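Read the structure below first, then the notes.
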Amino acid sequence: MNDIERPSIGSALLEDGLLAIIRATSVAEAVRRGIALATGGVRVLEVSYTLADADEAIRALTRELPPSVQIGAGTVTTVARVESATGAGAEFFVSPNRARRAIRSTRGSGRPFYPGAVTPTEIVRSWEDGASAVKVFPAGPAGPDYLSLVRDPLPHIPLIAVGGVTVDTAERYLQAGAIAVGIGGGLAIEANRLEDLVAQLRAIRAERIGSAA
């Protein structure tokens, strides 16, 4: 199953190395946060289905933000959520677990799926299911060294570090080999500091992409 066709990872995620996770208690809050993050230079936003009206938030952000900002759905654990998020305009899907059926339901859609996994076995199985990249979750307790050790024997599988990753530790995960990091509430920082973070992570990704070429 290693030769299956899988959707390409979004260029903004590869270039910037940052996935902003929006968990909110209302659509209005989700939209406010999304606009603030995009204004600070963030180009990849994940609206979590921990918000019951996530579909509405995805639609609203799609209307409010330019096409250069990719908007996806998080906590997509079922086929029903895949279908709902697709109808709302989600450009990618993220889950905290392997979500095998959900991943397989997206084949041929052109939309990447980033499932969650921790162990090498889980990571490989998610890749074989058709993941475009695998979310190492939760990455924080294990740390960047763990991600580096896991990546060494699996260099062909793109890894995204999520869960416990902070503004202060993000760079370490990219240096350890993650293609991106996912950060939630920690991105609620001053606009100038957010812009600096985006620029720093983008520079690290440019260096790593350049060295791999």
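The values are calculated or read from the model by the stated rules, or taken from the named source; none is laboratory data. This one's a predicted model, so the numbers in the text were calculated from it and none came from an experiment. So basically every Cβ, Gly included, is an ideal-geometry build from the backbone, and we count neighbours across all protein chains shown. Side chains included, ligands, DNA and RNA excluded: accessible areas come from the protein's heavy atoms. Shrake-Rupley method; radii C 1.70, N 1.55, O 1.52, S 1.80 Å.
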Next item on the list: Kindly indicate whether residue 43 is touching a helix residue (DSSP H, G or I) at 6+ places or on another chain (Cβ under 7 Å) and either modelled with pLDDT under 95 or of a type in the set (Lys, Arg) (or both).
Entry: yes
Next item on the list: Quick one: residue 75 ticks every box in (1) over 21 Å from residue 163 (Cα atoms); (2) out of contact with any Asp or Glu (no Cβ under 7 Å at 6 or more places or on another chain); (3) modelled with pLDDT of 95 or more except a single one, so which number is it?
Entry: (1)
Notebook entry, point to check: Any idea which of (1) in contact with a helix residue (DSSP H, G or I) (Cβ under 9 Å, 6 or more places away or on another chain); (2) at pLDDT below 95; (3) of a type in the set (A, V, I, L, M); (4) surrounded by fewer than 16 Cβ atoms within 10 Å (Cβ to Cβ) is the one residue 213 doesn't satisfy?
Noted result: (1)
Checklist line | the stretch 123-155, residues that are farther than 20 Å from residue 97 by Cα and open to solvent by 50 Å² or more (accessible area, probe 1.4 Å) | finding: 145, 149, 152, 153, 155
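Out of the residues in the stretch 10-36 meeting the condition of being part of a helix (DSSP H, G or I), of a type in the set (A, V, I, L, M) and open to solvent by less than 10 Å² (accessible area, probe 1.4 Å), tell me which one is nearest to residue 171 (Cα to Cα).
The residue in question is 13.
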Notebook entry, point to check: Looking at this structure, is residue 203 open to solvent by 20 Å² or more (accessible area, probe 1.4 Å), out of contact with any strand residue (DSSP E or B) (no Cβ under 6 Å at 6 or more places or on another chain) and at pLDDT 95 or above?
Noted result: yes
Margin query: If I ask for residues that are surrounded by fewer than 23 Cβ atoms within 10 Å (Cβ to Cβ) and under 19 Å from residue 106 (Cα atoms), which ones from the stretch 37-48 would you list?
Written below: 48
